[in-house]
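Report on the structure given below.
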Amino acid sequence: MGKRKTKEDNASEDYDANELMIVPGEKRKKLEKSGEKSATGGKKNRNFAKEKEVAKLTKQAKRKLAAVQSRKALKQTQEELFAGLAEFQLDPSKLCQLSSSTKLSKEPEKAPVFPEKLKVFSGKTKTEAKRTQQDYYPTDDESSSEEEEEEEEGDNDIEDAGNTVEVKIEPIDLDDVDEAIDGNPETNLDQIVVKREDDEESDNEDILALPTTTVINRKKVIVERSKEIQKSRAELPIFAEEMRIVEAINENLVTVVCGETGSGKTTQIPQFLYEAGYASEGELIGITEPRRVAAIAMAQRVGVELAKPDEVSYQIRYEGTRSETTNILFMTDGVLMKEMEQDVMLKKYSVILIDEAHERSMYSDVLIGMLSRIVPLRSKTARPLRLVIMSATLRLDDFTHKKLFPLLTPKVIKVDARQFPVSVHFEKRTPDDYIASAFRKTCRIHETLPPGAILVFVTGQHEVKQLITKLKKRYPVVYETDKNGEVLVKGTKEWKEKKVEAAKSIKLEDFKEETPETEDFEDVDDGLMDGDDMNERGAAEAFDDYEEFENGDGDLSDGKVENSIGAPPADCEPLYCLPLYSLLSMGKQRRVFDETPAGMRLCVISTNVAETSLTIPGVKYVIDGGFEKRRLYDSITGVSRFAVCRISQASGDQRAGRAGRISAGHAYRLYSSAVYQDFVKFADPEILSKPADQLVLHLKSMNIVKVVNFPFPSAPDEQMLESAEKRLCRLGALSESTKNGKTEARITKLGKTLAVFPLAPSYAKFIAMADQHNLMSHAILLISLLSVREPLIPVSSLRGDTPEETKELMKNVLKERRRWCSHTGARRLGDLKVLMHAASVAEQIKYNARECEKVGLRVKALVEARKLRQQLTNIVNASCKKEHAAALDSDLPPPTDQQAQLLRQMVVASFSDRLARRVDRSVGQEEVQKGAYETTLIKGHVFIDPCSVVFTEEPEFVIYQELVQVNEKKLMTSVCAVDKEWLSRLAESYCNYGEQDKNQEPIYDPVKDMVVKTVKVTFGPLNWELPNENRSVPHDIMMYRYFALFLLDGLVFEKLKEYTPKLLAPPSTMVKSWAKLQKRTEMLLNKLIEKEVTTRSSLKEQWLKNENWLLEEYLEWVPESVHQQISLMWPPLEDHEKTIKMGRNKKY
């Protein structure tokens, strides 16, 4: 078919081109449905180039075009300028040898690596939207060349203010915190949802997976300080780094500050942040310290430097000065852990500083792990939290690895300490007896080298005293009185000057026989020397025998050392020797900071306490023995012992650095350089060498179920954590449950109660059980004494002036302690009774130091125990009702015989894992030493401490508090005797029960209130035999049948016994094979099964709800003649068990 012609078509056909006067007809525009349309919507043959030439430019377009051309010309001019300057540029090989003047005396820093983050402007979080790509062809006729040039220039634009989108910060759900800490840190953390206000479809779109670093404009604080404070602060190395440190903290969520001890990190960084406004809006600056003494001292010092002591407070285990005006808070690690249990997000704090992180205490490691998850979560809020980790060593990998901070990189700032050069001297050959070598080295330094204090590092308290004794003997303090009556120390500079003056005016008649007076320094200056310290033997030296101390150690005791170095010079000045160790009282520790007497050289003999904890002024010479005494703990066996071990390289460097504080110094290492290279670089953190029970319980109380997945800086061994979970399960603090095929240990109600106390879980359970029989005060007193280190001075550590006096003193103290443990029933409480009486004696003599030492008490430990007792009393009173409140009674009476027995039963229930049994020497062919015991934790024999009051009794079963290795023996300390019959009932989780005999008939146990069978019982993995025990029969239909039998027999309720002879059928019918044939048996059985009644207590509960319950079923078993009598008596409870309402709804 041909195409149909329209009227317009006919008009065009009739038009003749030769007829110029005729205007052709105009066609109407129409849409071509099947025709192809060009990309621009115009005609296909359109000539764009020609149209652009013809098009006229407007004035605005001309101005834009001129601007574009000027920018291009400027760009071309700059390129020509740079090309000309390049001719005069230095050669790259010479340029790299020059250093920038902007960072003089500083190490070049690497380019910081920042995670992707949102840009911040005026406090609003904004992100740059992607520029929309222009269409490939213009869409209309008004396209111009200026627009195309502007598109090209758009590539150089830095930011388009019109293409920003605001970000809404979502509120934090606390459940996310638990999931972040408990789950996989790489998948569950830091998923921040960002919503665009102008995009409805992207409301739930996740456009950011990294934590943001929001810089907040804080109000700066001006602090006015005195000139003296300003001068002292300016002398600290960290003072010049204030701007760099504050900027790093502002721009990073986590910052690690590394600086040597003494650089001023602890005191200055909190002040930097205070002045930067981190406490200006009601938030706190929190600083954690591993020790209470440091928290108190640093709070006082910062308060003085800020001139605002009211705003700087401290909070420690027993006390604190925190108030509403506090802005800077120093606290111990445990205090912040407790606060996190109440507020896991730490909303009160703007920044947390972890001080002394290099010491790697257990609580500080846990805090860092918790904060590594809390900080990214707080970054989602309007008030983010900053974390600052301060360390004195360069072991930074533990604080920056990806498992700890998976989505951000902590900023590391190193502060160079103003350390003078220290010359390190190694021995050519490592001596066998380093104590003798240390003595020789000290003598040579004192006799030949210029003035300067000497610091000697030894392993323990015994070696400290031994070395001081020898040095005081070689360099005694001798006093002489001149003609004017002035007392002078022989050998000092003043004494020499007086001698010279006296020699000028000497006369013959002045000569007469005089005897110089020699005495200990402490007699003149009230105990400034170490004479009184001989009565303070610490737990660290508990195993040093008296004979070993008297006889000495190696060459140091037999005079060979003195003979090898000869006598000291006649004009040698005296040596002012001071001890320093952790168990020394605070007053005697402070003596090392006092001014040294004129004309004497200071010599401090110290353990590793002086390595990082204290900075002794004036030290110029350091003698490093290369050993330290560590408390090693076996996480599997539970045995702790002190062992002398080699130090780490980091410890050696710390010790050497002590000699360069005031001037150039010398460090003498009593070992060869080859031995030093064999040292480990860093010592193991504390978290790897301590029992993990309390750690696991605290993490579980924070809903961290999978403790193995917790982001520890140094993760403990999985076997160690599993062993801790098993012990907590047996203690009842955790319960295992299976979920999705996986077994998990979750905290129980008892576990939540135990987590409230700052104690080991076993100690906390002891207090939780004391709510019965009015034993709370006694339990708190006993646990307070067990929680501190050595409240009693070991008898073997007591010293007199002579060996005879020493023996007499030991005998009297041991006799007095045996008297404290009376001969009544409380005697079997053993050493625990002695501890409780010791606290009472200390209260009576008001903690007088001299009086306490006479009876073998350590005042420092007893004062600490009293503070802990006060804290535990406050916790109990805050958690319990008034009728169960505990009192802090200084005159607490000793426990009675009945109370002592209950306390021993509580010991069994709380410390079942520390049970020991006496070895029967008559059994077996191997010869067993007298007094040997065996435990469930370790192989081999253990022994009761000879100083224990139960040593001579040798009970069959005992419970100890700690195993301490003494030479070749393992000794049990704080021993308490327990009864064998209690174990199967009070330590059920540790007992092994045999199978029930199918042929044995069950019985009803009224004490346990259950249907039971007798089975064999053994204890622990060694299967110690215990008396047979009644165990509940399996929970099946036979249990219900037997309970019904005992109910009918009158064994469950005494009032039903009189009706037993009148029963229509014997009770044994309930368990016969043909019992189903009788209606009465099925009625009674079905009724019991319906309510799951198998005990007397459960049956009583049903009667309290319905007093007529089970009456109808019981009446089926008795004649009708006694129905009315039984109905009047029902339910068959004792009169004191019935309620007032019973009897109103009786059925007759």
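The values are calculated or read from the model by the stated rules, or taken from the named source; none is laboratory data. The shown structure was predicted, so the numbers you read here are calculated from the model rather than taken from an experiment. Ideal geometry is used to build each Cβ from the backbone, glycine not excepted, and the neighbour counts take in all protein chains shown.
For region 1044-1064, name all the residues that are touching a Lys or Arg at 6+ places or on another chain (Cβ under 8 Å) and within 10 Å of residue 1118 (Cβ to Cβ).
1064
Suppose we keep only residues that are charged (D, E, K, R), more than 34 Å from the chain's Cα centre (by Cα) and exposed (fewer than 12 other Cβ atoms within 10 Å of the Cβ) within region 206-232. Which one would you say is modelled with the lowest pLDDT? Break it down stepwise before answering.
At the first step, the residues of region 206-232 found to be charged (D, E, K, R) are 206, 218-220, 224-225, 227-228, 231.
When the remaining residues are screened for being more than 34 Å from the chain's Cα centre (by Cα), the result is 206, 224-225, 227-228, 231.
Filter once more, keeping what is exposed (fewer than 12 other Cβ atoms within 10 Å of the Cβ): 206, 224, 227-228, 231.
Working: 206: 38, 224: 88, 227: 90, 228: 90, 231: 90.
Among those that are charged (D, E, K, R), more than 34 Å from the chain's Cα centre (by Cα) and exposed (fewer than 12 other Cβ atoms within 10 Å of the Cβ), it is 206.
Tell me, which helices (runs of 4 or more DSSP H) wholly within region 258-361 include 3 or more residues that are farther than 22 Å from residue 240 by Cβ? Before the answer, list the steps.
Working: elements: 265-275, 292-306, 333-342.
Ranges flagged: 292-306, 333-342.
Which residue out of 948, 984 is surrounded by 17 or more Cβ atoms within 10 Å (Cβ to Cβ), hydroxyl-bearing (Ser, Thr, Tyr) and part of a loop (DSSP other than H, G, I, E, B)?
On the way: 984 fails: part of a loop (DSSP other than H, G, I, E, B).
Only one candidate passes the filter, namely 948.
Could you check, for region 287-301, whether at least one of its residues is assigned by TED's automatic domain parsing to the domain that holds residue 375 and more than 23 Å from the chain's Cα centre (by Cα)? Before the answer, list the steps.
First, pick out the residues of region 287-301 that are assigned by TED's automatic domain parsing to the domain that holds residue 375: 287-301.
Remaining after also requiring more than 23 Å from the chain's Cα centre (by Cα): 300-301.
Checking region 287-301: at least one residue is assigned by TED's automatic domain parsing to the domain that holds residue 375 and more than 23 Å from the chain's Cα centre (by Cα).
For residue 373, which of the numbered conditions (1) within 20 Å of residue 407 (Cα to Cα); (2) touching a strand residue (DSSP E or B) at 6+ places or on another chain (Cβ under 9 Å); (3) surrounded by 24 or more Cβ atoms within 10 Å (Cβ to Cβ) fails to hold?
Checking residue 373 against (1) within 20 Å of residue 407 (Cα to Cα); (2) touching a strand residue (DSSP E or B) at 6+ places or on another chain (Cβ under 9 Å); (3) surrounded by 24 or more Cβ atoms within 10 Å (Cβ to Cβ), the one that fails is (2).
Among the residues of region 239-257, how many are buried (at least 22 other Cβ atoms within 10 Å of the Cβ) and under 27 Å from the mean Cα position of the chain (by Cα)? Quick ask: steps written out before the conclusion?
Looking only at region 239-257, we keep the residues that are buried (at least 22 other Cβ atoms within 10 Å of the Cβ), and these are 241, 245, 249, 252-255, 257.
Pick out the ones that are also under 27 Å from the mean Cα position of the chain (by Cα) and you get 245, 249, 252-255, 257.
Residues in region 239-257 being buried (at least 22 other Cβ atoms within 10 Å of the Cβ) and under 27 Å from the mean Cα position of the chain (by Cα): 7 in total.
Quick one: which of 641, 590 is at pLDDT 80 or above and over 24 Å from residue 420 (Cβ atoms)?
Working: 641 fails: at pLDDT 80 or above.
Just a single option satisfies the conditions, and that option is 590.
Could you grab me the full set of residues in region 586-612 that are among the hydroxyl-bearing types (Ser, Thr, Tyr), more than 28 Å from residue 963 (Cβ to Cβ) and within 30 Å of the chain's Cα centre (by Cα)? Let's see the steps before the verdict.
So the first thing to find is which residues in region 586-612 are among the hydroxyl-bearing types (Ser, Thr, Tyr), and the list is 596, 606-607, 612.
From what is left, the residues that are more than 28 Å from residue 963 (Cβ to Cβ) are 596, 606, 612.
The answer is 606, 612.
Taking only pairs six or more apart or across chains, which ones have beta-carbon atoms under 8 Å, a first residue in region 784-795 that is farther than 11 Å from residue 835 by Cα, and a second residue that is in a loop (DSSP other than H, G, I, E, B) and hydrophobic (A, V, I, L, M, F, W, C)?
Listed pairs, sorted by first residue: 787/759; 787/760; 789/583; 794/542; 794/947; 795/947.
Only one of 1017, 1052 is assigned to a loop (DSSP other than H, G, I, E, B) and either touching a helix residue (DSSP H, G or I) at 6+ places or on another chain (Cβ under 7 Å) or within 30 Å of residue 769 (Cβ to Cβ) (or both); which? Even if it seems obvious, please write down each step before you answer.
Numbers: 1017 fails: assigned to a loop (DSSP other than H, G, I, E, B).
From the options 1017, 1052, the qualifying one is 1052.
If you scan region 796-847, which residues turn out to be of a type in the set (Gly, Ala, Ser) and crowded, with 18+ Cβ neighbours inside 10 Å? Please lay out each step first, then the result.
Within region 796-847, the first condition is being of a type in the set (Gly, Ala, Ser), and the residues that meet it are 796-797, 800, 822, 825-826, 830, 838-840, 842.
Selection gives 796, 797, 826, 830, 838, 839, 842.
So in region 951-972, with the set limited to residues that are of a type in the set (D, E, K, R) and in a strand (DSSP E or B), which one is farthest from residue 691 (Cα to Cα)? Explain how you work it out, then say what you get.
Taking region 951-972 and keeping what is of a type in the set (D, E, K, R), we get 953-954, 956, 962, 968-970.
Restricting the remaining residues to those that are in a strand (DSSP E or B) gives 962, 969-970.
Details: 962: 12, 969: 22, 970: 19 Å.
In this case the residue turns out to be 969.
Scan the helices (runs of 4 or more DSSP H) fully inside region 777-870 and keep the ones with 2 or more residues being acidic (Asp, Glu) and within 26 Å of residue 900 (Cα to Cα). Please lay out each step first, then the result.
Details: elements: 803-820, 831-844, 849-854.
Result: 831-844.
Of all the residues that make up region 466-498, how many are part of a helix (DSSP H, G or I) and modelled with pLDDT of 85 or more? Spell out how you get there, then give the answer.
Of the residues in region 466-498, the ones part of a helix (DSSP H, G or I) are 466-474, 493-498.
Filter once more, keeping what is modelled with pLDDT of 85 or more: 466-474.
Of the residues in region 466-498, 9 are part of a helix (DSSP H, G or I) and modelled with pLDDT of 85 or more.
Is it the case, given these coordinates, that residue 949 is of a type in the set (Val, Ile, Thr) and either assigned by TED's automatic domain parsing to the domain that holds residue 1021 or touching a Cys at 6+ places or on another chain (Cβ under 7 Å) (or both)? Give the steps one after another, and end with the answer.
Values: of a type in the set (Val, Ile, Thr): yes; either assigned by TED's automatic domain parsing to the domain that holds residue 1021 or touching a Cys at 6+ places or on another chain (Cβ under 7 Å) (or both): yes.
So residue 949 fits the description; yes.
Could you check region 1064-1080 and list, in sequence order, the residues that are part of a loop (DSSP other than H, G, I, E, B), in contact (Cβ under 8 Å) with a residue 12 or more places away in the chain and under 22 Å from residue 1001 (Cα atoms)?
Let us first name the residues in region 1064-1080 that are part of a loop (DSSP other than H, G, I, E, B), namely 1064-1066, 1072-1074, 1078.
Narrowing further to those that are in contact (Cβ under 8 Å) with a residue 12 or more places away in the chain: 1064-1065, 1078.
The one that is part of a loop (DSSP other than H, G, I, E, B), in contact (Cβ under 8 Å) with a residue 12 or more places away in the chain and under 22 Å from residue 1001 (Cα atoms): 1065.
Please determine whether any residue of region 862-879 is surrounded by 15 or more Cβ atoms within 10 Å (Cβ to Cβ), modelled with pLDDT of 85 or more and among the small types (Gly, Ala, Ser).
Checked region 862-879: at least one residue is surrounded by 15 or more Cβ atoms within 10 Å (Cβ to Cβ), modelled with pLDDT of 85 or more and among the small types (Gly, Ala, Ser).
Which one is surrounded by the most Cβ atoms within 10 Å (Cβ to Cβ), of the residues in region 394-425 that are modelled with pLDDT of 85 or more and basic (Lys, Arg)?
By that ranking, first place goes to 411.
What are the pairs with Cβ atoms under 6 angstrom where one residue, in region 461-473, is farther than 18 Å from residue 588 by Cα and the other, located anywhere, is buried (at least 21 other Cβ atoms within 10 Å of the Cβ)? Sequence gap at least six, or different chains.
From region 461-473, the pairs are 470/439; 471/575; 471/577.
Going residue by residue through region 277-287, is there one that turns out to be under 30 Å from residue 755 (Cβ atoms) and out of contact with any strand residue (DSSP E or B) (no Cβ under 6 Å at 6 or more places or on another chain)?
Taking every residue of region 277-287 in turn, at least one turns out to be under 30 Å from residue 755 (Cβ atoms) and out of contact with any strand residue (DSSP E or B) (no Cβ under 6 Å at 6 or more places or on another chain).
Cβ contacts < 7 Å: first residue assigned by TED's automatic domain parsing to the domain that holds residue 391 and more than 29 Å from residue 216 (Cβ to Cβ), restricted to region 345-365; second residue hydroxyl-bearing (Ser, Thr, Tyr) and at pLDDT below 80, any location; separation 6+ or different chain. Result?
Pairs found: 358/393; 359/612.
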